[in-house]
Amino acid sequence: MARYRGSVCRLCRRETQKLYLKGDRCFSDKCAVERRAYPPGQHGQGRSKLSDYGLQLREKQKVKRMYGLAEKQFHLTYVKATRMRGVTGHSLLQLLETRLDNVVYRLGFANSRSQARHWVRHGHFMVNGRRVDIPSLKVKMGDVVAVREKSRQVAQLKQAMEAVARRQIPAWLEVDAAAFQGTVKALPAREELTMPMQEQLIVELYSR
């Protein structure tokens, strides 16, 4: 699958808000959005009024980039959300949040979603005692996500685990840093997702 290989800070600037793609750098004064809070390019500082379509497109691009998905993968996730009971927008965000790579990031086992995806692909994590290497795997209520015994000595993983105490873990997750594992206590509710996302704009875009 094709992946974006350019500067991820450029993506944050394009959406004019932090997407937390760079880990600890996003919380420092080196953050690109803090330094230059306008889109990149020679016309970035010009005034531009977006149409309704433009607003919808930008919201879709923002959420897609935040979770690190390709266009086709994001659209397939939306299609799956339309087949679920309940509000389509809420179902979409729930599907994105319950991806294994996102859960690993939310538990504090990685500094960013891209790093979490890297760890999962290399088989550093287990779900319910079984080794998995699929970042898009959907976790369910009651699932236990743990770092493999052999992987607990990996320097970057150890550093991330040491910082777990400083992380704000979502209420729908529970982490046991001493045991190198976390538990999915419940499925995430919409009010627990604090990032500024307007999922209704994405539904309107795909409903055109």
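Output yes when any residue across region 80-96 is outside any helix (DSSP H, G or I) and closer than 22 Å to residue 144 by Cβ, and no when none is.
Pass one, region 80-96, residues outside any helix (DSSP H, G or I): 83-87.
Okay, now just the ones that are also closer than 22 Å to residue 144 by Cβ, so none.
Checked against the condition, which is being outside any helix (DSSP H, G or I) and closer than 22 Å to residue 144 by Cβ, region 80-96 yields no hits at all.
Looking only at region 105-121, decide whether some residue is part of a strand (DSSP E or B) and either of a type outside the set (S, T, N, Q) or crowded, with 20+ Cβ neighbours inside 10 Å (or both). Give the derivation first.
Residues of region 105-121 part of a strand (DSSP E or B): none.
No - not one qualifying residue is present in region 105-121.
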- Message: List the residue pairs whose Cβ atoms are under 6 Å apart, where the first residue sits in region 192-203 and is over 11 Å from residue 93 (Cα atoms), the second is among the charged types (D, E, K, R) and buried (at least 18 other Cβ atoms within 10 Å of the Cβ), and the two are 6 or more positions apart or on different chains.
- Response: 201/59
- Here are some residues: 120, 145, 139. Which one is under 18 Å from the mean Cα position of the chain (by Cα) and free of Cβ contacts under 8 Å to residues at least 24 places away in the same chain? 120
- Message: So in region 158-208, with the set limited to residues that are small (Gly, Ala, Ser) and under 23 Å from residue 59 (Cβ atoms), which one is surrounded by the fewest Cβ atoms within 10 Å (Cβ to Cβ)?
- Response: 207
- Task: Please state which one of 82, 98 is closer than 19 Å to residue 187 by Cβ, of a type in the set (Val, Ile, Thr), out of contact with any helix residue (DSSP H, G or I) (no Cβ under 6 Å at 6 or more places or on another chain) and modelled with pLDDT of 95 or more.
- Result: 98
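The values are calculated or read from the model by the stated rules, or taken from the named source; none is laboratory data. Everything numeric here is computed off the predicted structure, so don't read it as measured data. Every residue, glycine as well, gets a Cβ built from its backbone with ideal geometry; the counts of neighbours run over all protein chains shown.
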